[in-house]
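Student: I'd like to ask some things about the structure below.
The values are calculated or read from the model by the stated rules, or taken from the named source; none is laboratory data. If you're wondering where the values come from, they're calculated on a predicted model, not measured in any experiment. Positions of Cβ are generated from backbone atoms using ideal geometry, with glycine treated the same way; all protein chains shown enter the neighbour counts.
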């Protein structure tokens, strides 16, 4: 009984099709069998964005804020996972953030006691390393200049650019490492060893280049 | 979960409100969205299944049923209480889109760890420390650090546990506060327009650090300003202090609320603060406004000038991170922290929106009059007031800005024009003093929201659909035939447009039965638009839009990560070369390390990111309007 109307015309319904607006002989839109596409074609183009001094200033503000928040101590990074073997240098190279210390000092009276975390304090003597530090950057830059001059003299066609690339990266790395090592002297606790004697080698500090096609020399 | 089509003769729920649930009439089900009307869906489904409906099952199934067209799921803040106290659990509604957007914002500003903890808190309601650590699989220290950061920025509150003072502390995240992060550039720019560079930097510092003491802020801002000045000049602390006090006087900055007493004390110890005593978690923590001192400046004298950082100190600064440097001398305002008063900024934005609407609808002079009225009632209007205090025409005349010298009769004419305008921004509340006038804040917001809705429909569906939409807004309920006649659109196209709008949930169907058996041939089907639910829907769309924009930006950045890193390195090399005085040939050699196609790619990337960023800012303006409107209707 229920299936009597099937197949004859569009099917019987309890109301008048004309009332709804589907007249005789009209074709209905095709049925959809899948969800709508992810990027459907737009019938109307959107209005262009606002422009003007105000808009650009706020854009610049937004980008600056975003960059600045990455440097603030509120940006919490997980500590790098421990390497397989404990190294001696771990004791003196604690430049990386640790899980157990907090980088800034909140007002603990405004927080519940259970949230208290040890505040990381960079201790150490400031005046003496400063003297050394003012010299180091100059030396680093002189290194770059002398290297540039030597490279100019060579005038190699194909590999010159790549070598310059590597050299500069290496000098930058060394400079950074030297500065870092200088800074680590602040963390000197009870050791007689002078940090600059300890050479970390090229692998330490990680390669700044992920896509080095050529081998390191 | 599919809903069976209900045939007319099997209907037995006549007592229930019928809201577009009949699938025989109107466009087929695949084109139609579900109208989110929970109680009726609930009762209908349960009526059919004939289950003994208990509270828990009802809310679980309600969750499943409420799938809006584009599969948004409304998450209820299921705190542990929910199964015992239904009223409490539905207090804070956070939709999936809001939580997603909050997660992205937290990730951008505070990192992934804080994002994980934050979204867990937002989804799960109030929880204690151990639960958070266990459920997110994060080490306890990281959880503690993240919570410190969230509390510092006001995104999280803590209170004593549910089971009384002895239970562990519970933390609750605030979705609203995290969403404010999107509006930071607008706050900072407003402070700049009102109080200059000093004000701008003060607000920026306080926003970046959550809350700060006055002395700390003054020192940091003075240092920053000095850094940007020429050699030999430095910024006086007193100038910064005066800008700070101006911000506090006009209520843009306020004191942090005192911390609620937790655990043991039954009575509040400080008489000045009317904070509630330690009690079950349902009492709200004291707000900033409840403190009578919240706009009082501390008595500290800060004398000094900003320090210019030498370039050799720069590396030291960067290495140590931007820590809030506390000098060894304390300045006497320990414990008094200041934070940005977002509500006051929102009031300012709302006033700006009203003034610019008047300016574009009428003319500049009318907008100046409205601006004067709003300025005069800044202090006397509460936040949630529906209209300002009545102002007499005499007062307005006296307070007009001096460069707008219009005569008294002209002012009266303008005022009567404003009152007669259909937008109803200004209303007349009496005749004393030359006429008492008020600014209708609530109505103005409603009109602004309505204009936004209309504009959205127009831009997405064309001007004829917008005509139908406006018609329905004005005339409330119309039959299909009437829509075609009033809008002067041919029947077929009108039907098409109506069905498109219906499928997007911008328009709803209302059934009015003529006969008790609800036969479809003898029922009126009326189309209607409800402004408030439509505004809510659009607001959720906006949140989704911003979240999509952020994700796309992250994707673009990730795709070109290598290129960006290379260009940053080259810039660093160039900078160091320039600082050490290298020759131009060397500089050009270094510059040529980036090839021309790479430069093009970088340029295109920068262009895309700029576009995405400024779109976020623009969508945020719409979000603000809709949020203000929805909020103003809540507090009736």
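Student: Name the residue that is surrounded by the most Cβ atoms within 10 Å (Cβ to Cβ), counting only residues in region B:569-610 that are assigned to a helix (DSSP H, G or I) and within 7 Å of chain A (Cβ to nearest Cβ).
Tutor: Out of the qualifying residues, it is B:573.
Student: Still on this structure: Any idea how many residues of region A:51-71 are farther than 23 Å from residue B:111 by Cβ and either in a helix (DSSP H, G or I) or within 7 Å of another protein chain (Cβ to nearest Cβ) (or both)?
Tutor: Qualifying residue count, region A:51-71: 8.
Student: Enumerate the helices (runs of 4 or more DSSP H) found wholly within region B:134-221, keeping only those where 3 or more residues are in contact with a helix residue (DSSP H, G or I) (Cβ under 9 Å, 6 or more places away or on another chain) and within 13 Å of chain A (Cβ to nearest Cβ).
Tutor: It comes to B:140-152, B:184-209.
Student: What number of residues within region B:96-120 satisfy the criterion of being in contact (Cβ under 8 Å) with a residue 40 or more places away in the chain and either on the phi > 0 side of the Ramachandran plot or away from every other protein chain (no Cβ under 14 Å) (or both)?
Tutor: Residues in region B:96-120 being in contact (Cβ under 8 Å) with a residue 40 or more places away in the chain and either on the phi > 0 side of the Ramachandran plot or away from every other protein chain (no Cβ under 14 Å) (or both): 6 in total.
Student: Quick check, is residue B:101 part of a helix (DSSP H, G or I), in contact with a strand residue (DSSP E or B) (Cβ under 6 Å, 6 or more places away or on another chain) and surrounded by 19 or more Cβ atoms within 10 Å (Cβ to Cβ)?
Tutor: no
Student: So, one more: Which count do you get for residues in region B:104-131 that are assigned to a helix (DSSP H, G or I) and more than 18 Å from residue B:550 (Cα to Cα)?
Tutor: So the answer is 10.
Student: Can you name the condition, by its number, that residue B:393 falls short on among (1) surrounded by fewer than 18 Cβ atoms within 10 Å (Cβ to Cβ); (2) in contact with a helix residue (DSSP H, G or I) (Cβ under 8 Å, 6 or more places away or on another chain); (3) at negative phi?
Tutor: Tallying (1) surrounded by fewer than 18 Cβ atoms within 10 Å (Cβ to Cβ); (2) in contact with a helix residue (DSSP H, G or I) (Cβ under 8 Å, 6 or more places away or on another chain); (3) at negative phi, residue B:393 fails exactly one: (1).
Student: Sort out which residues of region A:102-132 are at pLDDT below 55 and surrounded by fewer than 16 Cβ atoms within 10 Å (Cβ to Cβ), and write them in order of number.
Tutor: Across region A:102-132, the qualifying residues are A:123, A:124, A:125, A:126, A:127, A:128, A:130, A:131, A:132.
Student: Hey, can you tell me all the residues within region B:106-142 that are crowded, with 19+ Cβ neighbours inside 10 Å and farther than 21 Å from residue B:158 by Cα?
Tutor: Within region B:106-142, B:109, B:111 meet the criteria.
Student: If you don't mind, there's one more thing I want to ask. Quick check on region B:394-436: of everything there that is part of a strand (DSSP E or B) and in contact (Cβ under 8 Å) with a residue 24 or more places away in the chain, which residue is nearest to residue B:357 (Cα to Cα)?
Tutor: B:426
Student: Can you confirm whether residue B:461 is surrounded by fewer than 19 Cβ atoms within 10 Å (Cβ to Cβ) and at pLDDT below 95?
Tutor: No.
Student: Sticking with this one: Can you find a residue in region A:25-33 that is at the interface with chain B (Cβ under 9 Å from one of its Cβ atoms), part of a loop (DSSP other than H, G, I, E, B), modelled with pLDDT under 90 and closer than 30 Å to residue B:517 by Cβ?
Tutor: Checked region A:25-33: at least one residue is at the interface with chain B (Cβ under 9 Å from one of its Cβ atoms), part of a loop (DSSP other than H, G, I, E, B), modelled with pLDDT under 90 and closer than 30 Å to residue B:517 by Cβ.
Student: Further question on the same structure: Of everything in region A:64-101, what is modelled with pLDDT under 85 and within 13 Å of residue B:148 (Cβ to Cβ)? Give them in sequence order.
Tutor: A:101
Student: May I pose another question? Restricting the first residue to region A:72-86 and requiring it to be away from every other protein chain (no Cβ under 13 Å), which pairs with a second residue that is surrounded by fewer than 10 Cβ atoms within 10 Å (Cβ to Cβ) meet a Cβ separation below 8 Å and a spacing of at least six or different chains?
Tutor: Once the first residue is away from every other protein chain (no Cβ under 13 Å) and sits in region A:72-86, its partners that are surrounded by fewer than 10 Cβ atoms within 10 Å (Cβ to Cβ) give A:80/A:96.
Student: Next question. Is there a residue being at pLDDT 95 or above and closer than 30 Å to residue B:447 by Cβ anywhere in region B:550-571?
Tutor: no
Student: What residue, among those in region B:360-377 that are touching a residue at least 12 places away in the same chain (Cβ under 8 Å) and in a loop (DSSP other than H, G, I, E, B), is farthest from residue B:437 (Cα to Cα)?
Tutor: Within region B:360-377, the match that is farthest from residue B:437 (Cα to Cα) is B:362.
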